[in-house]
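First comes the structure, then the notes that go with it.
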2 protein chains.
Amino acid sequence: MINAERFLADLHELRSFGAAGVGKGVVRPAYSDADVAARRWLATKFEAAGLRVAVDAMGNLFGIAQGPSVLMGSHSDSQPEGGWLDGALGVIAALEVARSCGGVSVVSFQDEEGRFGVTTGSAVWSGHLTLAEADLLKDHSGVALGAARLAVQGMVTGEVSPAQFSGFIELHIEQGPTLDTSGEQIGVVTDIVGIRDMKITFEGQQNHAGTTPMHLRRDAFQAVAAFNAELNERFRNVVTPSTVWTIGHLSLHPNASSIVPGKAVFSMQWRDGDAERLGRMETIIRDTAAEIAEARGMILNSGTMLGLEPVQMDAGLRGALERGAEAVAPGRWRKMPSGALHDATNVSRLMPVAMLFVPSIGGISHAFEEDTDETDLVAGVEVLAQAVAGLK
Amino acid sequence: MINAERFLADLHELRSFGAAGVGKGVVRPAYSDADVAARRWLATKFEAAGLRVAVDAMGNLFGIAQGPSVLMGSHSDSQPEGGWLDGALGVIAALEVARSCGGVSVVSFQDEEGRFGVTTGSAVWSGHLTLAEADLLKDHSGVALGAARLAVQGMVTGEVSPAQFSGFIELHIEQGPTLDTSGEQIGVVTDIVGIRDMKITFEGQQNHAGTTPMHLRRDAFQAVAAFNAELNERFRNVVTPSTVWTIGHLSLHPNASSIVPGKAVFSMQWRDGDAERLGRMETIIRDTAAEIAEARGMILNSGTMLGLEPVQMDAGLRGALERGAEAVAPGRWRKMPSGALHDATNVSRLMPVAMLFVPSIGGISHAFEEDTDETDLVAGVEVLAQAVAGLK
């Protein structure tokens, strides 16, 4: 059904835009010269495939089929030090399926990697963020998105209506170790997990580490350690094997070896596909923090909680992907949640969405070393093609 | 025996040199204009008391009695934001005892607070550090001690031989909460605790906090937390109520809420009066770190260990202080270790040493708020005088 050779050739050609010179790595952040050049190249490819090129003010690049179609794609911008497949795979796979099957439109969203925010291009297209709001976002060096997007101004054709698309399917590398570890070839995503993220502060009493007896200390690091241990224990009966939680950021004050830490600020992040479970975990976190603070004489301060709701994949689209997976890789695929955010989260506001994963070797992503066996890449495209055929 | 009014008047006058304008706080770092002015004022006081003024190249200021004498004192330099008693109390108390009892010489050591190192002035006087080595030490703004000590050059009289002193007694505020909490007036120091300090690194695997399942993580923060919990447990049967241990510094890498920490560097410091116990604690620390690293797939790296040995107070001098304490504050004094370093640690290389504590209100020191009830200050001087009388 699909032309594997053509697909792989295009995928390799795309990585020449912003090639890092280290392995297959790419440096192609949103609106960089390499990103814009890649989008211009993609546009010629879309045209050659008989698709009508449309670009909105953000630089989201569409290749639109005649009549109603299924939208497929991902993003072609990369992390500052990115792999060749993160996003690019989904775009070139969609192009190949559009060429092979028809009834398929293609998209490459802009700034999925968040130079200016989080999945910025699809956030604007889906109405989660207005263009005026997005224009004010700044990157780490202080450049505003409104200024940066002048780089794609010459390509812009106008707004792109979502009404012409019956659904959105995104193929992506897993970016985690599950498929690589199990030796499976395909993951059909059940849901994109929701995220909760909050900043917690314990404030105790800064003291001399020589003259303050242990029983009179109000040591903020000890409070964090006790909170962490208690939380791990209490979560046991609440979580599933795919639930994750992380203390990734911690800063002690004054952070000196001879001083009992008076203050600890840390991040508490947790993710799960079930909003109800996220809520139960929140209750446990707040209760545990309050109990530890009370027991250890800490002032507890919980910052604003960032929340992104879990997104269920559409049953119809997902069923088509599952049948495709079973046809292409019988017994070598699984249903699984996506622990990472994707453009599909935003697009789900507009239409039914579904996602497909192929393995990441060693679970590595957001690094030049990111890679996937080419047979797995081709298998992913074949499942997409099977699914599209099945939907007709 | 002593003149309490004269003693308190001098102590208050000393705080006018470098007065912070906040409470009784002082800003009088080593070799600052305020420090040099205070030393010149002290020299006139020493002369008026019939003592011969002697100043060595470091700026250590002595008031020397005729014939053999007991040396008493502390330091008159302060922390960058210091209290009025830290060091100053010991110097003015020694002056008052010298005036009242005779047979007593007085010293104000230089840079006890470590603008350039740790107890720098007494380190050079005791031969722990050569003057040439000390001259190369730099403060936080890059000024070398060799340049800074030009500020006292006009006062220098030459080397001061320790042979003329039969022992050293230092009165100091406790800088901890023990006496204030118990309502006691005097602490007779049994030993100055030894310190061990090392940097430990756990290196695991940095990963995406969304896509990496809990059971596949090698989370460096979790390793530190587990190490801490296990250590607290294992120390139980080894430590005494005055043993202390602290994780005061911790840095996670990359320290971001969405990333499983791949690396943690932290300080492990422990203090005790018994060198053998310090050694047993070191063994437990090293074993526990190795076991945690093994169990959690961490690469363990232990940096160089800083070690300062405990110093026992001299039995004879200490006995005189104990008898003095019982005479002045019957039933309201205790024997206790010093958890902080003092000049006496260095001086113990040259002669018998002993130390006496008075309470710190709220255990506060190294802050403008540092204070002690004047009745306790006077009690401290009275114990010193009793002890000197008892030694004759």
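The values are calculated or read from the model by the stated rules, or taken from the named source; none is laboratory data. The structure displayed is predicted, hence computed values, not measured ones. With ideal geometry, Cβ positions are generated from the backbone for all residues, glycine too; neighbour counts draw on all protein chains shown. These area figures cover heavy atoms from the full protein model, side chains too; ligands, DNA and RNA do not enter into them. Shrake-Rupley method; radii C 1.70, N 1.55, O 1.52, S 1.80 Å.
At a glance:
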read-out: Charge dipole of the protein assembly as shown about the Cα centre (unit charges at C-beta), most positive-ward option of A:Val91, A:Ser267, B:Leu231; value: B:Leu231
read-out: For the range A:194-308, accessible area per residue (1.4 Å probe, heavy atoms of protein chains only), Å²; value: 40 Å²
read-out: Distance violations [Cα-Cα > 31 Å] among A:Lys24/A:Lys199; A:Lys24/B:Lys199; B:Lys24/B:Lys138; A:Lys335/A:Lys392; A:Lys138/B:Lys199; value: A:Lys24/A:Lys199; A:Lys24/B:Lys199; A:Lys138/B:Lys199
read-out: Computed over chain A: relative contact order in percent, which uses C-alpha pairs under 8 Å that are six or more apart; value: 23 percent
read-out: In Hz, Karplus ³J(HN,Hα) per residue of the range B:104-115 (6.51, -1.76, 1.60; θ = phi - 60°; x = Gly, Pro); value: 10, 9, 10, 9, 10, 5, 9, 6, 4, 6, x, 3
read-out: Aspartates and glutamates whose Cα lies under 18 Å from that of B:Lys263, excluding same-chain neighbours fewer than 8 positions away; value: B:Glu203, B:Asp219, B:Glu291, B:Glu294
read-out: Whole-percent pair-distance distribution, where bins are 20 Å wide, for the alpha carbons of the protein assembly as shown; value: 15, 35, 23, 18, 8, 0
read-out: Inter-site label distance for A:Glu309 and B:Met1 at 7 Å from Cα along Cβ, in nm; value: 8.0 nm
read-out: Radius 12 Å from Cβ of A:Glu203, net charge of other residues (Lys, Arg +1; Asp, Glu -1); value: +2
read-out: Heavy-atom accessible surface of the range A:194-308: percent carbon and sulfur, 1.4 Å; value: 48 percent
read-out: Amide H contacts of A:Ile259 (H built 1.01 Å from N, under 5 Å, at least 5 apart or other chain); value: A:Ala209
read-out: Accessible heavy-atom area order of A:Asp274, B:Asp86, highest first, probe of 1.4 Å; value: A:Asp274, B:Asp86
read-out: Charge dipole (debye, nearest 20) of the range B:132-205; +1 at Cβ of Lys and Arg, -1 at Cβ of Asp and Glu; value: 240 debye
read-out: For chain B, calculated [θ]222 nm from helices alone, where every DSSP H run of n ≥ 4 adds -39500 (n - 2.57); value: -10500 deg cm²/dmol
read-out: Amide H within-cut-off set for A:Met72, under 5 Å, with H built and near neighbours excluded; value: A:Ser105, A:Val106, A:Val107, A:Ile169
read-out: Derived scalar couplings ³J(HN,Hα) [the range B:238-246; Karplus, 6.51 cos²θ - 1.76 cosθ + 1.60; whole Hz; x for Gly, Pro]; value: 10, 8, 10, x, 9, 5, 10, 8, 8
read-out: Chain B: angle of helix B:33-48 to the longest principal axis, Cα-based, in degrees nearest 10; value: 40 degrees
read-out: Nearest-ten-degree value, helix B:374-391 long axis tilted from longest Cα axis of chain B; value: 70 degrees
read-out: Cross-link partners of B:Lys45 among aspartates and glutamates (Cα-Cα below 16 Å; sequence separation of 8 or more within a chain); value: B:Glu5, B:Asp10, B:Glu13, B:Asp35, B:Glu96
read-out: Cut-off under 5 Å, modelled amide H: who pairs with B:Asp191 long-range; value: B:Met313, B:Ser338
read-out: Rounded to whole Hz, the Karplus (6.51, -1.76, 1.60) HN-Hα couplings of the range A:265-275, x for glycine and proline; value: 10, 9, 8, 10, 10, 9, 9, 6, x, 10, 4
read-out: Nitroxide proxy distance, nm - points 7 Å out along Cα→Cβ at A:Leu131 and A:Ala9; value: 3.7 nm
read-out: Simple label model, 7 Å out from Cα along Cβ direction - A:Glu276 to A:Ala37, nm; value: 5.3 nm
read-out: Local electrostatic count, B:Glu5, Cβ distance below 13 Å [Lys/Arg +1, Asp/Glu -1]; value: -2
read-out: Rounded to 5, the percent of DSSP beta bridges in the range B:24-156 classed as antiparallel; value: 60 percent
read-out: On Cα atoms only, tilt of A:4-14 relative to the major axis of chain A in degrees; value: 60 degrees
read-out: Residue among A:Phe202, A:Ala148, A:Val189 farthest towards the positive dipole end of the range A:135-247, charges placed on Cβ; value: A:Phe202
read-out: Assigned charges on the beta-carbon of Lys, Arg, Asp, Glu; the protein assembly as shown dipole about Cα centre (debye); value: 160 debye
read-out: Accessible area buried at the A-B interface, both sides summed, 1.4 Å probe (Å², nearest 100); value: 3500 Å²
read-out: Electrostatic dipole magnitude of the range A:194-308 [Cβ: Lys, Arg +1; Asp, Glu -1; Cα centre; debye, to 20]; value: 180 debye
read-out: Probe 1.4 Å, all protein chains present, accessible-area order of A:Arg99, A:Arg6, B:Arg217, B:Arg52, largest first; value: B:Arg52, A:Arg6, A:Arg99, B:Arg217
read-out: Rounded to 5, percent antiparallel among DSSP beta bridges of chain B; value: 65 percent
